[in-house]
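No lab work stands behind these numbers, since they all come straight from the coordinates. Computed from a prediction, not measured in an experiment: that's the story for all the values here. Reconstructed Cβ throughout: ideal geometry from the backbone, glycine too, with neighbour counts over all protein chains shown.
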Amino acid sequence: MNLFFKTSYDANHAGYFGEFGASFVPELLSPALKKLTIEYEKIKIDPIFKKELMDLYQNYSGRPTPLYFAENLSKELGGAKIYLKNEGLNHTGAHKINHCLGQALLAKRMGKTRLIAETGAGQHGLATATVAAKFGFKCTVYMGAVDVERQRPNVLWMEQLGAEVIPVEYGSQRLKDAVMAALQDWITHVDDSYYLLGSVLGPHPYPSMVRDFQSIVGLEVKEQIQKKEGRLPDYLIACVGGGSNAIGLFNAFLDDKNVQMIGVEAGGKGIEKIGEHAARLQGTQRKGVVEGFKSFFLTDADGQVQPTHSISAGLDYAGIGPQHAHLFDQKRVIYHYATDGEVVSAFQKLTKTEGIFPALESAHAVAEAIKLAPTLSKDKIIVVNISGRGDKDIFTIGKIMGDEKWKTYLRTISE
């Protein structure tokens, strides 16, 4: 499989997807980004790198992940057939391991000795700590203090892997602030450290590079659905925070005009009030330059980034990847949203019909499929990206759905 293929929606040499993307960084970081771009271009044509990465995907991470026909869910909803691309069966429990393995190999080639990462839901931090342990890197992970508390299991595992997890206690104490802290660390330690960015965000070349390592998802789906159905799907659905799992699924199909794509943002408590959601592309979109790239952000009239909310830490982010901004601008991908309530209902339905616990991030995509499938004929095919599994969300889910026995258990272990 060629992960490094181009589509008509790709970036130009300066990292612009249409008018979005590029690199807006302090002068101190410009040389590091230029060097990273050069090394990234080298590995794209290096067969040895590709062979080593594919071996890791298959024999370390456990790829290919299954494309599973959700027969029970499809029957219950009526309408279209629903397939699930189960990225939660990857090593570390999510799609994040895909770009972490790729970037760790690149960092090793560049002679770096330390990895820096930011994380929201903890899945990217966990995957970074995992590859750091495997390849012998020191590792520092920045995580908003709010996310540290709601994703405590992943914090424990990161620390067991040898990573230093630093809670970020300024700003909104969420993913946005963790990104800023990681960038500040990188500026200070640029010679020996590699910033292993966790989504299709940030300055060029990160949005393209992370997308390329995630493209394995869509490439596998393309092969798998052909074997199962003899044709391409009609719809692809994925949740969108920064957007790495969605781009990973979508990228292989962008030039297939008959395949419709839906990205699902975090509607939180409702999209009417700032601070209660993380839906960047609903209503009035505001363009801006934040954290080194141009895209759509939740900002006020003065360009100040606004607070966000989502039941899922991984979608609780004020910006969206520049390629997503371009795909929205070009109307190639449609972006909808799911509220917290819809997400919890989708989590319950998939769990009880198929025995699969999706991450709360992924449950946003499931919620969209639940709305869409009954409106389509039975010959239509939907592929939903289950970007991660729900183990990490046990305390969030337990707080919402747990009975008195669960609450007693929590009180017991806290004593």
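Sorted from greatest to least, the principal axis extents spanned by the alpha carbons of the stretch 284-323 come out as 26, 22, 18 Å. Given a Förster distance of 25 angstrom, what is the FRET efficiency for GLN306 paired with LYS371, based on the Cβ-Cβ distance and rounded to 0.05? So the FRET efficiency works out to roughly 0.40.
Taken as Cα centroids, the stretch 348-380 and the stretch 396-415 sit 27 Å apart, rounded to the nearest whole angstrom.
Helices in the chain, meaning DSSP H runs of at least 4 residues, each add -39500 (n - 2.57). Divided by all residues, the mean residue ellipticity at 222 nm is -12500 deg cm²/dmol.
State to the nearest 20 debye the size of the charge dipole of the chain about its Cα centre, where the only charges are +1 on K and R beta carbons and -1 on D and E beta carbons.
Values: 47 positive and 47 negative charges, 177 e Å.
The dipole of the chain has a size of about 860 debye.
Comparing PHE297, PHE17, PHE49 in a Gaussian network model of the chain where C-alpha atoms under 10 Å apart are linked, the largest mean-square fluctuation is found at PHE49.
Just rank GLU291, GLU169, GLU76, GLU368, fewest to most, by other beta-carbon atoms within 10 angstrom.
Ranked by crowding around the Cβ, least crowded first: GLU169, GLU76, GLU291, GLU368.
When the P(r) is computed for the stretch 1-92, the part past 14 Å accounts for 79% of the Cα-Cα pairs. Of all beta bridges DSSP finds with both residues in the chain, what is the antiparallel percent, to the nearest 5? Around 30 percent antiparallel, to the nearest 5. Of the residues VAL383, LEU350, VAL333, the one whose Cα sits farthest towards the positive end of the charge dipole of the chain is VAL383 (charges of +1 on Lys and Arg Cβ, -1 on Asp and Glu Cβ, taken about the Cα centre).
Summing charges over all other residues whose Cβ lies under 14 Å from the Cβ of LYS176, with Lys and Arg as +1 and Asp and Glu as -1, gives -4.
Within 10 Å, count the other beta carbons around each residue, average over each peptide in 184-193, 148-157, 24-33, and list them highest first. Could you put the intermediate results ahead of the total?
On the way: 184-193: 15.2, 148-157: 19.0, 24-33: 13.7.
Packing order, densest peptide first, comes out as 148-157, 184-193, 24-33.
Per-residue 3J(HN,Hα) values for the stretch 397-414, derived from phi via the Karplus relation 6.51 cos²θ - 1.76 cosθ + 1.60 with θ = phi - 60°, read 5, x, 5, 7, 10, x, 8, 5, 4, 5, 5, 5, 4, 4, 5, 5, 6, 8 Hz in sequence order (x marks Gly and Pro).
Fully extending the segment from LYS50 to MET110, taken as 0.36 nm per residue of separation minus the present Cα-Cα distance, adds 20.0 nm.
Would you mind ranking CYS100, CYS139 by Cβ crowding within 10 Å, fewest neighbours first? Present the calculation step by step, with values, prior to reporting the outcome.
Working: CYS100 29, CYS139 24.
Exposure proxy ranking, most exposed first: CYS139, CYS100.
A dipole drawn for the chain from +1 and -1 charges on Cβ atoms has a positive end, and of ILE225, ILE166, HIS277 the residue lying farthest that way is ILE225.
Spin-label pair TYR170-LYS35: with each label point 7 Å from Cα along the Cα-Cβ axis, the two points sit 2.6 nm from one another. The stretch 93-109 and the stretch 210-260 have Cα centres spaced 20 Å apart. Anisotropy class assigned to the stretch 235-376 is oblate, per the alpha carbon gyration tensor with a/c at or over the 1.5 cut-off and a/b no larger than b/c.
Residues TYR235, TYR317 in ascending order of nearby Cβ atoms (within 10 Å, fewest first): TYR235, TYR317. Excluding same-chain neighbours fewer than eight residues apart, the aspartates and glutamates reachable from LYS331 by a Cα-Cα span under 17 Å are ASP10, GLU19, ASP234, ASP255, ASP256, GLU265.
Of ASP403, ASP55, ASP147, the residue with the greatest mean-square motion in the GNM of the chain, using alpha carbon springs below 10 Å, is ASP403. Relative to the Cα centre, the charge distribution of the stretch 259-347, modelled as +1 at Lys and Arg Cβ and -1 at Asp and Glu Cβ, gives a dipole magnitude of about 320 debye. Model label points for LYS399 and GLU159, set 7 angstrom from Cα along the Cα-to-Cβ axis, are 1.9 nm apart.
Where does the stretch 49-179 land on Rg/Rh, using Cα atoms and the Kirkwood Rh? Can you show the working numbers first?
Numbers: Rg = 17.1 Å, Rh = 16.0 Å.
Here the Rg-to-Rh quotient is 1.07.
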